[in-house]
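> Provided herewith is a single structure, encoded as structure tokens, for subsequent inquiry.
Read-outs: derived from the displayed coordinates by stated rules, not from any lab. Quick caveat, the model's predicted, so the values are computed rather than measured. Quick reminder, even Gly has a Cβ in these numbers, built from the backbone with ideal geometry, and neighbours come from all protein chains shown.
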Amino acid sequence: MAGQIKRMIETIIRERANGNPVLENTTRTKLVIKGFNPDKYTATSEDDPAKIAELKVIAKDMGITL
């Protein structure tokens, strides 16, 4: 299913920021540092199982359930 990584990234940002623009930018920066540039992924991006597993670990570390 294409676009799963993009949806996961958006969910992490939305849940972590909870509407706070400062936390949204901070979360985006943390994802970029960890190798996930939110702007790189689109709804048509191919899903890599290894990247999905990494995102699940990142989300868990941030206290977010995907």
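> In the set 31, 66, which member is of a type in the set (A, V, I, L, M), surrounded by 13 or more Cβ atoms within 10 Å (Cβ to Cβ) and part of a helix (DSSP H, G or I)?
None of the other options fit; the residue is 31.
> So, in the stretch 47-63, of the ones that are touching a Gly at 6+ places or on another chain (Cβ under 9 Å) and either under 13 Å from residue 7 (Cα atoms) or of a type in the set (Lys, Arg) (or both), which residue ends up surrounded by the fewest Cβ atoms within 10 Å (Cβ to Cβ)?
47
> OK, next. Filtering the stretch 7-28 down to residues that are of a type in the set (S, T, N, Q) and either touching a residue at least 60 places away in the same chain (Cβ under 8 Å) or over 17 Å from residue 66 (Cβ atoms) (or both), which residue is surrounded by the most Cβ atoms within 10 Å (Cβ to Cβ)?
It comes out as 26.
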